[in-house]
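The values are calculated or read from the model by the stated rules, or taken from the named source; none is laboratory data. Worth saying up front: this structure is predicted, and the values here are computed from it rather than measured. With ideal geometry, Cβ positions are generated from the backbone for all residues, glycine too; neighbour counts draw on all protein chains shown. What goes into the accessible areas is simple: the full protein's heavy atoms, side chains included, and nothing from ligands, DNA or RNA. Shrake-Rupley method; radii C 1.70, N 1.55, O 1.52, S 1.80 Å.
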Amino acid sequence: MQQPPEVTLLQFLDRDSPQQNARLRRELVAGLLQPQAAIAPKFFYDALGSRLFEAITELPEYYPTRTEAAIFAQYLPAVRQALGEAFTLIDLGCGSCAKAGKLFHAGVLPARYVAVDISVDYLRKSLQHLKRELPAIEMIGIGADFTEEFRLPDGLPAERRMFFYPGSSIGNFSPDEAGRFLRRLADQIDESGGLLIGVDLIKDRALLEAAYDDPLGVTAAFNRNLLRHVNVLLEADFDIGDWQHVACYNADAARIEMHLEARRAISASWPGANGRSLRRFAAGERIHTESSWKYSAQGFAALLRSAGFAEIQVWTDPRNWFALFFARRAGNQPRTAT
Ligand code: AVJ
């Protein structure tokens, strides 16, 4: 039998630990009991949710994934040049590691690949698969929620650390949060390091809304599956049939908002300190489930600069729907206290 290839796996979180579960439950309950109920988008991604997201990326209406891939294909030499030689690629939220794998197979080869993801089991499998194909690259997996306080492992070479954050995942942060997040990345690299990041651009409302409310209903299923996941995590009793998918573009805030809207007056309950806790919803009341911020290329470049990046390069598609940025850490930046 073939042995799984050697990959280093570091675990900064234990998703199944009782403490972690209790924290997630507290977070969910707090969100559900707010006057405007909300559930964070990270709860989309149980096993089925991750598959539904993969399906979304195949939809004709969901342009970001394929547009980003086209930008990579077109500007590969420029991307290679920007990353240089003997770098460490740090992939934030690698999932299946497919995007990094594609880069490697196209000949953009790091010395070291650090894959960070919250889903540790999936990460191990993805990384072992990749290591089998590309044994020359040192591979390190980190199970961590990098959106929270997270440190790169001691002993990771300080030079030429390149963060890789594709797919416009940065869009789930508000611009303020995104600025703080980018600053934390800048703080973990030196002037030989950089950031390669994909960002969805502001565009026509109809295009945006179709991408988040497809006629086949895959995005609706992705959104409503959240309640299935919450039922499991919280032992709650949401009836998925009572909830309708809503996606709308808030042009003032430059963000897509996704909600689940109650089709009728209903309540949901879960075990509480004394008996079951209950939340009532009026007909038409909504649970906010996701915001996906969009940027202008200039706006995002400004955000990068204010977060401590410089030498900003940007590549876009002919329709200007999506942008890929590369930026280096600015010199002489005062480091923020961590
Ligand atoms: C994974 C956050 C980039 O905002 O486009 C897709 C998630 N939500 N369809 C996005 C998502 C609904 C996606 N990101």
(request) Report the residue count in region 72-97 for those that are crowded, with 17+ Cβ neighbours inside 10 Å, modelled with pLDDT of 95 or more and closer than 26 Å to L123 by Cα. (result) 9
(request) Test each condition in (1) closer than 15 Å to S292 by Cβ; (2) in contact (Cβ under 8 Å) with a residue 60 or more places away in the chain for R184 and report the one that comes out false. (result) (1)
(message) Testing R263 on (1) among the charged types (D, E, K, R); (2) within 24 Å of K99 (Cβ to Cβ); (3) more than 16 Å from the ligand (Cβ to nearest atom), one condition comes back false. Which one is that?
(response) (2)
(request) Quick one: which residue in Q36, Q20 is farther than 30 Å from Q313 by Cβ and not in a loop (DSSP other than H, G, I, E, B)? (result) Q20
(request) Considering each residue of region 226-259, count those that are within 16 Å of the ligand (Cβ to nearest atom) and on the phi > 0 side of the Ramachandran plot, and give that number. (result) 1
(message) Just the residues that are touching a strand residue (DSSP E or B) at 6+ places or on another chain (Cβ under 8 Å) and either in a helix (DSSP H, G or I) or hydrophobic (A, V, I, L, M, F, W, C) (or both), please, taken from region 108-133.
(response) A111, V114, A115, V116, I118, V120, L123, R124, S126, L127, L130, K131
(request) Run M258 past the list (1) within 19 Å of the chain's Cα centre (by Cα); (2) in a helix (DSSP H, G or I) and report the number of the one that doesn't hold. (result) (2)
(message) Here's a check for you: in region 56-81, which residue that is assigned to a helix (DSSP H, G or I) and without any contact (Cβ under 8 Å) to a residue 40 or more places away in the chain is nearest to K203 (Cα to Cα)?
(response) R66
(message) Given the options A236, A221, A211, name the one that is touching a residue at least 12 places away in the same chain (Cβ under 8 Å), open to solvent by 30 Å² or more (accessible area, probe 1.4 Å) and out of contact with any His (no Cβ under 7 Å at 6 or more places or on another chain).
(response) A221
(message) Looking only at residues that are surrounded by 18 or more Cβ atoms within 10 Å (Cβ to Cβ) and small (G, A, S) in region 120-150, which one is farthest from V7 (Cα to Cα)?
(response) A144
(message) Out of everything in region 29-39 that is in contact (Cβ under 8 Å) with a residue 40 or more places away in the chain and over 11 Å from I287 (Cβ atoms), what residue ends up being nearest to the chain's Cα centre (by Cα)?
(response) V29
(request) Within region 162-203, track down each residue that is within 16 Å of the ligand (Cβ to nearest atom) and assigned to a loop (DSSP other than H, G, I, E, B). (result) P166, G167, S168, F173, S174, I202, K203
